[in-house]
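The values are calculated or read from the model by the stated rules, or taken from the named source; none is laboratory data. Computed from a prediction, not measured in an experiment: that's the story for all the values here. Cβ sites come from the backbone with ideal geometry, for glycine too, and all protein chains shown count toward neighbours. Heads up: the accessible areas ignore ligands, DNA and RNA and are worked out on the full protein's heavy atoms, side chains in. Shrake-Rupley method; radii C 1.70, N 1.55, O 1.52, S 1.80 Å.
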Amino acid sequence: EKMPKNKKKKGKAKSQIAPPSLLGQRSREEEEEEDAAPARFFRPGIDKLEEGEELVFDPSTYVMYHALKPEWPSLSFDILRDELGGNRTRYPMTMFAVTGSQAATASQNKLTVVKLSNLSRLPKTAPDENDEFTADSEAVVDLEGDDDDDDNGDDAEPVLEHVDVSHPAAINRLRSCPHKSALVATWGDDRTVRVFDLSAHVASLNGLGPKPAWGATGP
């Protein structure tokens, strides 16, 4: 004798979606996990920024940090060797550099010889855990510090001095001569290599001569 089959009861399927309160809790937990994740450095050409991500300034990775904003984009620059001695460790620091512009028109392009002085270090004290750092954080970093050694120049104001040299084309790349840094070679977007002697410009930044006029120096 055949036994009757059990009839399945008809009804609505139970929802598998978590209630809103649990969804909110899960979201907060995920955010906390992201905040707790260790900071990582960005490798240009290897890492990619996801949508909504942005690069931020981490002061713990720098001994000294100063931001500059040039008049025109500068695709290339080089450090100029000076006579102030090697392996300097005393603050404030001084350095010389030269940059090449990519201006809107060819006649506006230039080399810029730069002297940066009174470059102070970042404070040694650890930042508060609630601090958020951005590209402009150096403007709000407390430079008073707790060190007794005032000779390190922690509270010095940075000084920027520069001399411009006209250049007939946009500069794709430049390099200074290792043996005589005032000799600077440029490679322009007009496929021309030029060599400039910037000795007079460096001397003027050191107070050892007059400032050369715009257009007075050619390759």
(message) Using protein chains only and a probe of 1.4 angstrom, how many square angstrom of E71 are accessible, to the nearest 10?
(response) 130
(message) Run through region 169-219 and list the trypsin sites (Lys or Arg not before Pro) located in a DSSP loop whose Cβ has at most 14 other Cβ atoms within 10 Å.
(response) K180, R191
(message) Suppose the chain between S117 and S199 were pulled fully straight at 0.36 nm per residue; how much longer would it get relative to their current alpha carbon spacing?
(response) 27.6 nm
(request) Would you kindly state how much longer the chain becomes between I79 and E161 on full extension, computed as 0.36 nm times their sequence separation minus their alpha carbon distance, in nm to one decimal? (result) 28.0 nm
(message) Keeping all protein chains in place and using 1.4 angstrom, which order do F77, F96 fall into by accessible surface area, from largest down?
(response) F77, F96
(request) Apply 1/(1 + (r/R0)^6) to the Cβ-Cβ distance of R43 and E71, taking R0 = 30 Å, and write down the FRET efficiency to the nearest 0.05. (result) 0.55
